[in-house]
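The values are calculated or read from the model by the stated rules, or taken from the named source; none is laboratory data. Note that the structure is a prediction, hence the values are computed from the model and not measured. Virtual Cβ from ideal backbone geometry, glycine too; neighbours counted across all protein chains shown.
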Amino acid sequence: TAALFDRGLLSGKQVFITAGPTREALDPVRYISNHSSGKMGYALAEAAVDAGALVTLISGPVNLPAPPRCKRIMIQSAEDMLEASLQNIDQCDIFIASAAVADYRPVSVAEHKMKKGNEEIMELHLIKNPDIVASVAAQQNKPYTIGFAAETRDVISYAQGKLERKNLDLIIANDVSRSDIGFNSDDNAVTVVSHEGATQLPLSSKRQLAHKLIEIIAAAEQKKDH
Ligand code: CTP
Ligand code: CA
């Protein structure tokens, strides 16, 4: 793919990409999070830069260096990620939500480190986080908006549901029940689901896949002509 990749594909386009996990604080020393590595989002950022885009990477805590020639904004929580995503959203042409956003956060953050009590069972009260990609897609003059859907079953139908519900233009679905791919893997296999239908992409490195996805996204955005 690298040799066939057209470097001018996204020239002049502003692309925002969310990546990695979010961390939802419980107290000053504890948080709720997930195993997202950020690799897919960072690979997409690199591929978009290669294609000539001006890339803003909005990243949760990950162990990856900032890709060259992109603007990286590091955040912790879903609320921080939402704020960073909506900043300058009117200038964004393409928004790609690859982050694994925590669906819920603790209702309140304890000011001091919580102490162990005598009770055997401890209950946590959680409140729903804002949906970042849906908030972006609800903007007037919305960018071409792409989501990801990690599913363990009924992959395509759940992805189609999210495409409709969140008012997305495309959704990239992957089956995380497969042991050869997923959150921390270097490889991935995905299905691109649009309002017209679904296209399966074969197992390949996240880097190769990112180039392919950027080609598909650039072509689809061109056609939509926002
Ligand atoms: N997403 C988001 N903000 C959230 C939750 C999800 O922007 N608070 C985005 C993800 O980045 C992804 C898409 O929405 O692009 C789908 O995420 P997913 O977790 O699969 O969907 P949910 O709507 O959270 O549904 P569920 O976890 O119940 O499957
Ligand atoms: Ca979720």
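Any residue at all in segment 85-103 that is farther than 19 Å from residue 35 by Cα, modelled with pLDDT under 95 and away from ligand 2 (no atom under 16 Å from the Cβ)?
As a first pass, look at segment 85-103 and keep what is farther than 19 Å from residue 35 by Cα: 85-96.
After this cut, where a residue has to be modelled with pLDDT under 95 as well, the list is none.
Checked against the condition, which is being farther than 19 Å from residue 35 by Cα, modelled with pLDDT under 95 and away from ligand 2 (no atom under 16 Å from the Cβ), segment 85-103 yields no hits at all.
Residue under question is residue 48, and the condition is that it be within 16 Å of ligand 2 (Cβ to nearest atom) and in contact with a strand residue (DSSP E or B) (Cβ under 7 Å, 6 or more places away or on another chain); does it hold? Outline the logic, then answer.
Working: within 16 Å of ligand 2 (Cβ to nearest atom): no; in contact with a strand residue (DSSP E or B) (Cβ under 7 Å, 6 or more places away or on another chain): yes.
The answer is no for residue 48.
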Count of segment 84-139 residues which are away from ligand 1 (no atom under 16 Å from the Cβ) and either of a type in the set (Gly, Ala, Ser) or surrounded by 10 or more Cβ atoms within 10 Å (Cβ to Cβ) (or both): 10
Looking only at segment 44-89, and only at residues there that are in a helix (DSSP H, G or I) and touching a Leu at 6+ places or on another chain (Cβ under 7 Å), the one that is nearest to residue 10 (Cα to Cα): 48
Where a residue in segment 82-102 is free of Cβ contacts under 8 Å to residues at least 60 places away in the same chain and its partner, wherever it lies, is within 16 Å of ligand 2 (Cβ to nearest atom), with Cβ under 8 Å and at least six apart: 82/130; 82/132; 82/135; 86/135; 86/136
Elements of type strands (runs of 3 or more DSSP E) contained in segment 113-226, each with 1 or more residues being more than 18 Å from residue 40 (Cβ to Cβ) and of a type in the set (D, E, K, R): 126-128
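Within segment 183-210, which residues are over 25 Å from residue 5 (Cβ atoms) and either surrounded by 13 or more Cβ atoms within 10 Å (Cβ to Cβ) or without any contact (Cβ under 8 Å) to a residue 60 or more places away in the chain (or both)?
Applying the first criterion (over 25 Å from residue 5 (Cβ atoms)) to segment 183-210 yields 183-184, 195.
183, 195 - these are the residues of segment 183-210 that are over 25 Å from residue 5 (Cβ atoms) and either surrounded by 13 or more Cβ atoms within 10 Å (Cβ to Cβ) or without any contact (Cβ under 8 Å) to a residue 60 or more places away in the chain (or both).
Could you tell me whether segment 26-36 includes any residue that is of a type in the set (Lys, Arg) and either under 12 Å from the mean Cα position of the chain (by Cα) or assigned to a loop (DSSP other than H, G, I, E, B) (or both)? It would help to see each step written out before you state the result.
Filtering segment 26-36 down to residues of a type in the set (Lys, Arg) leaves 30.
Now drop any that are not either under 12 Å from the mean Cα position of the chain (by Cα) or assigned to a loop (DSSP other than H, G, I, E, B) (or both), which leaves none.
No, every residue in segment 26-36 fails to be of a type in the set (Lys, Arg) and either under 12 Å from the mean Cα position of the chain (by Cα) or assigned to a loop (DSSP other than H, G, I, E, B) (or both).
When you scan segment 61-81, do you find a residue that is within 16 Å of ligand 1 (Cβ to nearest atom), more than 26 Å from residue 28 (Cβ to Cβ) and touching a residue at least 24 places away in the same chain (Cβ under 8 Å), even just one? Spell out how you get there, then give the answer.
We begin by selecting, within segment 61-81, every residue within 16 Å of ligand 1 (Cβ to nearest atom); these are 61-62, 73, 75-81.
Next cut, more than 26 Å from residue 28 (Cβ to Cβ) only: none.
Checked segment 61-81: no residue is within 16 Å of ligand 1 (Cβ to nearest atom), more than 26 Å from residue 28 (Cβ to Cβ) and touching a residue at least 24 places away in the same chain (Cβ under 8 Å).
What do you reckon, is residue 108 in a loop (DSSP other than H, G, I, E, B), hydroxyl-bearing (Ser, Thr, Tyr) and without any contact (Cβ under 8 Å) to a residue 60 or more places away in the chain? Give the steps one after another, and end with the answer.
On the way: in a loop (DSSP other than H, G, I, E, B): yes; hydroxyl-bearing (Ser, Thr, Tyr): yes; without any contact (Cβ under 8 Å) to a residue 60 or more places away in the chain: yes.
It is true that residue 108 is in a loop (DSSP other than H, G, I, E, B), hydroxyl-bearing (Ser, Thr, Tyr) and without any contact (Cβ under 8 Å) to a residue 60 or more places away in the chain.
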Residue under evaluation residue 180, criteria (1) acidic (Asp, Glu); (2) surrounded by 13 or more Cβ atoms within 10 Å (Cβ to Cβ); (3) farther than 19 Å from residue 83 by Cβ, criterion not met: (2)
